[in-house]
Amino acid sequence: MPQTDSRRICGPEESIPLPESNAPKASLLNEEQKRWDGRNFDTARPIFMQCGTVTEASGSAYLEMGQTKVICSVYGPRENVRRRDFHMKGQLTCEFKFAAYACKRRRGYMQDAEEREFSKVVVQSLAPAVCLEKFPKAKVDIFIIVLEDGGNALASAISCASVALADAAVEMYDLVPAMSVVCHDSIYLVDPTQREDVSTAESDGEVSPRLTLAIMPTSNEVTGLLQTGRMQAHQAVQAMKVAGEACLR
C-alpha cells in the first residue's frame with residue numbers, strides 16, 4: 001500500500017499554475033518602445049528618502065525606489081576594542097543583509113557570499129568620502145537591510161548609507177550617490193527593475209551584464225565600481241558614462 005503524506009493537502013488534478021505576467025519575459029520594451037513601467041532608458045524611478053527612522057542609532061535613513069526598499073542605520077564613531085594597535089585612521093565596517101522575505105527566493109538568516117561581497121563594495125564606495133583621520137582608533141558600523149528587492153538594491157543601499165552617515169554627523173567630503181545599469185546589446189537601462197534583470201538573463205541564457213557605479217559628484221571621482229556578467233570594453237565605458245550621468249541627476 002503506497003504511503004501518503006497526511007499533512008499535505010493535494011490540489012485538484014486539473015489545476016494549472018498561474019502565469020506570472022501576461023507580457024513576454026524576454027522582451028524589455030513594450031509596443032511604444034519604452035520600458036514596461038513607462039520609463040525611458042535613462043530614467044530612474046522616483047526616490048523617497050527619510051532620515052532618523054531608527055531612533056536608537058547615531059544616524060539612519062530609509063529609501064524607496066519603486067519596489068526597492070532599504071533601511072540603513074549607523075553607529076559610531078565608537079572605540080574599536082578589537083584593534084589593539086593605534087592607527088591614525090578610523091575603520092569603516094558594513095553588514096549588508098537581505099531580509100528573509102525581500103526576494104522571491106527566501107533568504108537565510110546568515111550572510112551568504114553575495115551579501116558579503118555587497119558589504120565590501122559598500123565599504124569601498126563610502127570609505128573615500130569619509131574623513132577617517134578625524135576619529136583615530138575608532139570605527140563606524142553600518143547596518144543595511146533590504147526590506148524588498150525590486151532591482152538596483154546595491155546602488156540603493158550605497159546611496160542610503162551615504163545619507164545615514166551624514167545624518168550621524170560623520171564628517172564627509174561629499175555624499176556618494178550610486179546607480180546600476182543593465183546592458184543588453186545596444187540598450188543601456190538605468191535603474192533596472194528585478195523583472196528587467198531576469199528578462200535579460202533569460203534572453204541571453206547567462207547572467208545579465210550589469211554595472212554599478214558610485215561617485216562623489218563634487219570632485220567627479222569614482223569611489224566604487226562593480227561589474228557582473230560579460231561586457232565588452234566599449235560597453236563598459238558607455239555603461240559607466242550612462243551611470244555617472246544618472247548619479248549626477
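The values are calculated or read from the model by the stated rules, or taken from the named source; none is laboratory data. It should be emphasised that the depicted structure is a prediction, and the values quoted were computed from it without experimental measurement. Virtual Cβ from ideal backbone geometry, glycine too; neighbours counted across all protein chains shown. The accessibility values were calculated without ligands, DNA or RNA, using every heavy atom of the protein model including side chains. Shrake-Rupley method; radii C 1.70, N 1.55, O 1.52, S 1.80 Å.
Are any residues in region 88-115 within 13 Å of the chain's Cα centre (by Cα) and over 12 Å from residue 146 (Cα atoms), and if so, which ones? Across region 88-115, the qualifying residue is only 114. With respect to the conditions (1) open to solvent by less than 20 Å² (accessible area, probe 1.4 Å); (2) free of Cβ contacts under 8 Å to residues at least 60 places away in the same chain; (3) of a type in the set (D, E, K, R), residue 185 falls short on a single one, namely (1). The residue pairs whose first member lies in region 218-236 and is touching a residue at least 12 places away in the same chain (Cβ under 8 Å), whose second member is basic (Lys, Arg), and whose beta carbons are closer than 9 Å, counting only pairs six or more residues apart or on different chains, are 226/210; 227/210; 228/210; 229/210; 231/210.
Looking only at residues in region 53-66 that are out of contact with any strand residue (DSSP E or B) (no Cβ under 6 Å at 6 or more places or on another chain) and of a type outside the set (Val, Ile, Thr), which one is farthest from residue 123 (Cα to Cα)? Lay out the reasoning, then the answer.
Of region 53-66, the ones out of contact with any strand residue (DSSP E or B) (no Cβ under 6 Å at 6 or more places or on another chain) are 55-56, 66.
Within this subset, residues satisfying the condition of being of a type outside the set (Val, Ile, Thr) are 56, 66.
Values: 56: 22, 66: 25 Å.
Filtering region 53-66 for residues that are out of contact with any strand residue (DSSP E or B) (no Cβ under 6 Å at 6 or more places or on another chain) and of a type outside the set (Val, Ile, Thr), the one farthest from residue 123 (Cα to Cα) comes out as 66.
Of note, residue 162 satisfies the criterion of being closer than 17 Å to residue 48 by Cβ, out of contact with any Ser or Thr (no Cβ under 7 Å at 6 or more places or on another chain) and without any contact (Cβ under 8 Å) to a residue 40 or more places away in the chain.
What residue, among those in region 113-146 that are charged (D, E, K, R) and open to solvent by less than 50 Å² (accessible area, probe 1.4 Å), is farthest from residue 174 (Cα to Cα)? Reasoning before the result, please.
Start the filter on region 113-146 by keeping residues that are charged (D, E, K, R), which leaves 114-117, 120, 133-134, 137, 139, 141.
Now restrict to residues that are open to solvent by less than 50 Å² (accessible area, probe 1.4 Å): 115, 139, 141.
Details: 115: 25, 139: 19, 141: 19 Å.
The selected residue is 115.
Taking region 67-86 as the range and being under 15 Å from residue 139 (Cβ atoms), touching a residue at least 24 places away in the same chain (Cβ under 8 Å) and open to solvent by 80 Å² or more (accessible area, probe 1.4 Å) as the test, the residues that pass are 78, 79, 86. Within region 50-66, the set of residues being of a type outside the set (Ser, Thr, Tyr), modelled with pLDDT of 90 or more, open to solvent by 30 Å² or more (accessible area, probe 1.4 Å) and out of contact with any helix residue (DSSP H, G or I) (no Cβ under 6 Å at 6 or more places or on another chain) comprises 50, 52, 54, 56, 64. Counting the residues of region 214-249 that are closer than 21 Å to residue 160 by Cβ, open to solvent by 20 Å² or more (accessible area, probe 1.4 Å), of a type outside the set (Val, Ile, Thr) and in a strand (DSSP E or B) gives 3. Is it the case that residue 101 is under 22 Å from residue 221 (Cβ atoms), among the hydroxyl-bearing types (Ser, Thr, Tyr) and surrounded by fewer than 20 Cβ atoms within 10 Å (Cβ to Cβ)? Taking the combined requirement at face value, the residue does not satisfy it. Can you give me the ranges of the strands (runs of 3 or more DSSP E) entirely in region 34-130 with at least 1 residues that are touching a Pro at 6+ places or on another chain (Cβ under 9 Å) and at negative phi? Passing ranges, in order: 59-65. Condition check for residue 241 on (1) over 17 Å from residue 114 (Cβ atoms); (2) among the basic types (Lys, Arg); (3) in contact (Cβ under 8 Å) with a residue 12 or more places away in the chain: one failure, at (3).
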